[in-house]
Every structure is written in C-alpha cells, then in structure tokens.
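Below: the structure, in structure tokens.
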Amino acid sequence: MKYRIFFLFLFICASIGCYNFLIHPACSSAPVAAAPQKTQKILLVPLDGRPPCRKFVLDAGELAGAEILTPPGEIQDYYTQPGDTKALAPWLEENIEGCDAMILSIDQLLYGGLLAAREANKTPAEMTALLDFLRRLHAEHPEVPIYAFNILPRMTPPASIDGYEDNKNLLKYSRLVDRYEQSGSDSDRQELEAVEAKISPGSLQQYQELFRQNTELNEQLSLLAQEGTLQRLIIGQDDGEKYSIPNIEKRRLRTFLSKHEITDSQVSITHGADEIALTLLTEIEARKQQHPPMVYVEYNTPETPASIMPYMAVSVEETVREKLHMLQGERTASPDGADYILFISCGTEENLSSREKSAARIAQFLAEGKNVALVDLSKHFDAHETLLPILIKQEIPLNQLIAYAGWNTTSNSIGTAMSEAGLFTLGYRKAGNQADLLALYQSNLVFLNNRYLEDYYYLKDVITLVNTSIKKAGYANVYDLDLEHNYLWATDMLREAMNTRIVTYKNTAAFRKPFSIHTPDGPLKLRVRELSADISYPWPRTFEIYLHSTVYLDKLP
C-alpha cells in the first residue's frame, strides 16, 4: 500500500511538471529592463480626473518620451466635485518654464471638468477672463505651443434639471429641433411645438442656454486659434445621435469657421471627448518628427464602414476619416505603404461568422511582420460579439499587436487605437538603438495589456458581475457608491474577479507566444513572461476602473 501511495505521488508530481513545462516551457532568456528616455516636457490640464482623460495620456507619454505634468490632486476635479479653476492658472504659470507644449482642457479651466461644464453656470466676464489669460500666457511664452480642446454639451439634460417629465421631453425636443431644421416640414414643426409646450420654461431656458453659451465660447476660442494664440483647437462632441441640438451647434460652428476663413489645421471638429488629449499628444509628436501617420484601414465586413454604432451621430467610416484628418495623416491604398494597419471589427449578431475570417486576416498581417492596431467594437457591448476571444482561441500572438481598443463609443476606441499606434510607430522611427526599441516595446506592452484587461475583461464581463451583485444587495445606483456600504465591497469583487481572469489570460498560448521585432542590430525575439495589475475604482462608481499593468518582458535566444 505504501509503495502504491509513493508511486501515485511520483506520478502526480511528474504530471504537474509536464503540465508546467507545456504551459511554461523552460528556455534560456534575458529579462528586459529598459526605461524610455524623456526628451520633452508637456503640461496637461485633463478633461477630468478619469483614467481615459488623464492616465492614458501619462502612460502614452512613455511612448513619446515625454514627461507629462498634470495639476495636483487637490486642485483637480473629483467625480461631481469640480476642480479649483482659480488655482489652475497659477499652476500653469508656475510650471510652464522649460515645457515643449501644453494640452489644455477648456472645460477644466473654465468649469472644473466635464460634469461641471454640463451646467454652463459661468458668466460672460468669467469666459472673457479665461480668453484673456490664454492670450497673456501665449504672449509671455510664445515658444510653448498651446493645444486646446473644448467639448460640445451632450443632448442629455444637465443633472440640475431633475424632473422626469422635463428630462424626457427635453430629449424629444433636442431631436425634433434638429429634425425640423433639416426637414422644414409642418408635421415636424407641429410635433416640436407640442413637445416644447410640455417643458417648464425654466428647464427649457436652462437647456437652451447650455448650447448658446458653448457656441459663443467655441467661436471665441476659434478666433484665438486663427490669431495664433492657440496652436490648435479641437472641438469634440460628447456622445451623439442622428438628430440632436449638438448637431445644430456643429453646423453653425462650421459656418462660422468658413465665414472667418479659419482653416482645418487651426480648428477641427470631431466626435468624441475622452480621447482628445491623447490624440493631441500624438499630433505633437508627429509634428516634431514631421511625419504624418500613413494608415491602411480594413474592416471586418463590407457593411461596417456605413454602420452607425451606439452613441454616435456619424458612421464608422466618417469617424475614421475624422480622426485621421485630426492627425493630418494619410490613408494608404495598400498595407505595404502604411506605418500600421488599422483593423476595425464592429461585431453584431448578424456578422458573428465574420470573426474567423477577420482573425485569419490579422494573423496573416502579423506573420508578414506588419504593424496591426485592432479596434474591437460590439454593437451591444457584449463579449460574444468581439474579436478578441477568437484571437485567443486561434493562438494569435496578442502581444505582437501594436494597439487595441474596444471601450465605450466608436470615436473613443478609434481615437485611442490610432493614438497608441501612431505614438508607437513614431517612437520606432526615432529609436536609435536596441535599448531604445526595447524601452518602446516595454512601454507599449503596458498600454496594450491595460486595454485588453479593461476593454474586454472588465467592460465586457466583470462590470456586469459587480453591478448585478450590488443591485441584488439592494443598492440600485451603481453610479453612487459609498465607503460605508458598498465601495470597498465593490472594489474587493473587482479585484478578485479581475485577478482570476488575469491568471486565465496570461496562461493562454496567445498571450505567451513569442514574437520577433526588427532592431538596428538585427532581428530579436521577445516574449512576455509575466503580467500583474493594480486595479481599483478611481471614482465611486463602476463605469470605469483605474488599471496599471506590470509587464515582464524577456529576450529569447
């Protein structure tokens, strides 16, 4: 009996050893310990304190070799608490010396963040004071270009309008105003008048003032760009639909720009908000290198370019053109002439069968040594509509992709993927030696794996688990967590669920597969050996997470 137990023990040990060898094959390797050199300093006043608006830019700064300075936490916004607008101007003046550029959110400087900007509670004098400050800042430091961005109000009424009927009717009103302006039909006019009569005068006036004030501000900012105070102004649209008042505001702004002969290189209007600072960082680096991005675009199906995804007012193809135009890039006719391939998958119930073909196409590009950035969208924000699970199933080397994005809106994802891919390819162009390239890959792998973990594992899976558990416990509002009852519990659930999925993910063949890169010293094979992540909720809600990956990269013989 003792011998049987002994031999059983040996068999189990041997089985575990064989399993570990198959999953983690032993081979000689050298850990990569490379840090990027910081060759420029950029001041950033982010749209707000959420990770997409702040941390994404800080992480991307590693790719650009840029030290990104942001305001200290005590004067930055925190969820519904606005930032200290009076303290931001002195902070800029104190830190501008020696900077190479500034990226400034007008919403943060004037209102204290995106949420506060939705209330439009500033006086004309306060708006004028901000414009005067920007002129003075440029006059005193003309060598530091100012890249600014401002966001159009979304069609959803501000939080201070809290009546259910008014909110419902204001949304109808927004759609009808735009539809009637475009159609001019009597039926649309009559329907508009009927809805308008149901809205309380105070709510209607506040809603209209929100857009009037924003239009006036954008016109004045556009004139600052024309006169050279601003190097570039980006006007973004936060969410959208086919018909809404923000669309009217965009058309009026375009008419204003045309009338005043303000060029596209001075002012651009785009869909999206959270990713704009990241895009501007990419533009700054492209200008520095005098190399506009060369991009080849491919879609998962022939129908995808014309499709309009949720929370978007324009098609996927129009969004791509818009983002490429913002970066002053060029679209190539062939993958061979491109800096990178932008592959866009928009998954729906109707095109699930296209995923296998899309995965094979990406595998082919990677096998040819081409740079691939993947935008992995889902019509219903559902994991089974995405492409990533098929890439994992087919053991396609995920760490060979140069960019991935699949969060929130189409404009957010396309803008993020193009920014990461743009910064990576620009970094590759200027890398002078193997050490520079390894530092670039190390930094990009952190950004890339952050996106896999958040955009797929969290937003397509774990968020539902956490929200469902909180609601089952009797807490209906997942946008208002608190320390006493559910914030710490939600954070514990988040970490436990995500750590479980990280273990699964990093043990897939798709994650562990080596990939080759070209260096000045010849080809080099790399493999990500290990991955860990620090995860929490940055704000008392479950909509987004703070996530920072640590990647352990090896050089293989």
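Summary table below
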| item | result |
| --- | --- |
| Listed residues LYS122, LYS323 arranged by accessible area, highest first, probe 1.4 Å | LYS122, LYS323 |
| Extension reserve of the THR508-GLU356 stretch, reckoned as 0.36 nm per residue once the Cα distance is removed | 52.9 nm |
| Debye log10 I(q)/I(0) at q = 0.11, 0.13 Å⁻¹ for the range 291-401, Cα point scatterers | -0.35, -0.49 |
| Per residue value of the accessible surface for the chain (all protein chains in place, 1.4 Å probe), Å² | 43 |
| Packing-based ranking, highest mean first, of 182-190, 244-252, 199-207 given that Cβ atoms within 10 Å are counted | 244-252, 199-207, 182-190 |
| Pairwise FRET efficiency - GLU227 versus GLN328, Cβ, R0 = 25 Å, nearest 0.05 | 0.75 |
| With DNA, RNA and ligands ignored, accessible area of HIS518 (1.4 Å probe; Å², nearest 10) | 130 |
| Under 5 Å, built H, 5+ apart or other chain: amide partners of GLY347 | LEU377, SER378, LYS379 |
| Inter-centroid distance (Cα atoms) of the range 340-386 relative to the range 84-98, Å | 43 |
| Prolate/oblate/rounded label for the range 181-253 (Cα gyration tensor, a/c 1.5) | prolate |
| Value of relative contact order over the range 69-172, rounded to a whole percent, pairs C-alpha under 8 Å and six or more apart | 27 |
| Per-selection Kirkwood Rh - the range 452-494 (Cα, Å, 1 d.p.) | 10.7 |
| Positive-end extreme of charge dipole, the chain - chosen from ILE42, THR550, GLN81 (charges on Cβ) | THR550 |
| The range 444-459-the range 230-279 distance, computed between alpha-carbon centres (Å) | 29 |
| Per-peptide average of other Cβ atoms within 10 Å, ordering 148-158, 497-507 highest first | 148-158, 497-507 |
| Hydrodynamic radius (Kirkwood) for the range 278-349, which is based on Cα pairs only, to one decimal in Å | 13.2 |
| Net charge, GLY112 excluded, C-beta distance under 15 Å - Lys, Arg +1, Asp, Glu -1 | -2 |
| Values of log10 I(q)/I(0), in the order q = 0.13, 0.14, 0.17 Å⁻¹, for the range 478-557 under a Debye, Cα-only, solvent-free model | -0.56, -0.61, -0.75 |
| Principal-axis tilt of helix 201-227 within the chain, Cα atoms, nearest 10 degrees | 80 |
| The chain: radius of gyration over Cα atoms, expressed as a fraction of 2.2 N^0.38 Å | 1.03 |
| Of all accessible heavy-atom area on the chain, the percent that carbon and sulfur account for (1.4 Å) | 53 |
| Accessible area of HIS138 in the full protein assembly, 1.4 Å probe (Å², nearest 10) | 50 |
| Listed residues TYR487, TYR78 arranged by accessible area, highest first, probe 1.4 Å | TYR78, TYR487 |
| Karplus-derived 3J(HN,Hα), 6.51/-1.76/1.60, for each residue of the range 397-413, Hz, glycine and proline x | x, 5, 6, 8, 4, 9, 7, 8, 7, x, 9, 6, 8, 4, 5, 4, 5 |
| Sequence-distant residues sharing a close amide H with TYR79 (under 5 Å, placed H) | GLY49 |
| Under-5 Å amide H pairs with THR519, H placed in peptide plane, nonlocal only | LEU524 |
| Net charge contributed by nearby residues that have their C-beta within less than 12 Å of ILE414 (K/R +1, D/E -1) | -4 |
| Phi to ³J(HN,Hα) by Karplus 6.51 cos²θ - 1.76 cosθ + 1.60 over the range 168-179, Hz, x for Gly, Pro | 4, 6, 5, 5, 4, 4, 4, 5, 6, 4, 5, 4 |
| Spin-label model distance (nm) - ASP461 vs LEU483, 7 Å beyond Cα toward Cβ | 3.2 |
| Overall form of the range 387-434 per C-alpha gyration tensor (a/c, 1.5; a/b vs b/c) | oblate |
| Dipole-positive endmost among ALA194, TYR164, ALA225 within the range 163-266 (Cβ charges, Cα centre) | ALA225 |
| Length released on extending from TYR79 to THR468, taking residue separation times 0.36 nm less the Cα-Cα span | 137.8 nm |
| More than 27 Å apart - percent of Cα-Cα pairs taken over the range 175-314 | 37 |
| ³J(HN,Hα), Karplus 6.51/-1.76/1.60, whole Hz, each residue of the range 131-144, x for Gly, Pro | 4, 5, 4, 4, 4, 5, 4, 5, 5, 7, 9, x, 7, 10 |
| With Cα atoms, 0 to 90° folded angle of helix 463-472 axis to the chain main axis | 70 |
| 15 Å beta-carbon shell around LYS430, net charge (K/R +1, D/E -1) | -1 |
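The values are calculated or read from the model by the stated rules, or taken from the named source; none is laboratory data. Remember, predicted model here, so these are calculated numbers, not experimental data. Reconstructed Cβ throughout: ideal geometry from the backbone, glycine too, with neighbour counts over all protein chains shown. We work out accessible area using only protein heavy atoms, side chains counted, and drop any ligands, DNA or RNA first. Shrake-Rupley method; radii C 1.70, N 1.55, O 1.52, S 1.80 Å.
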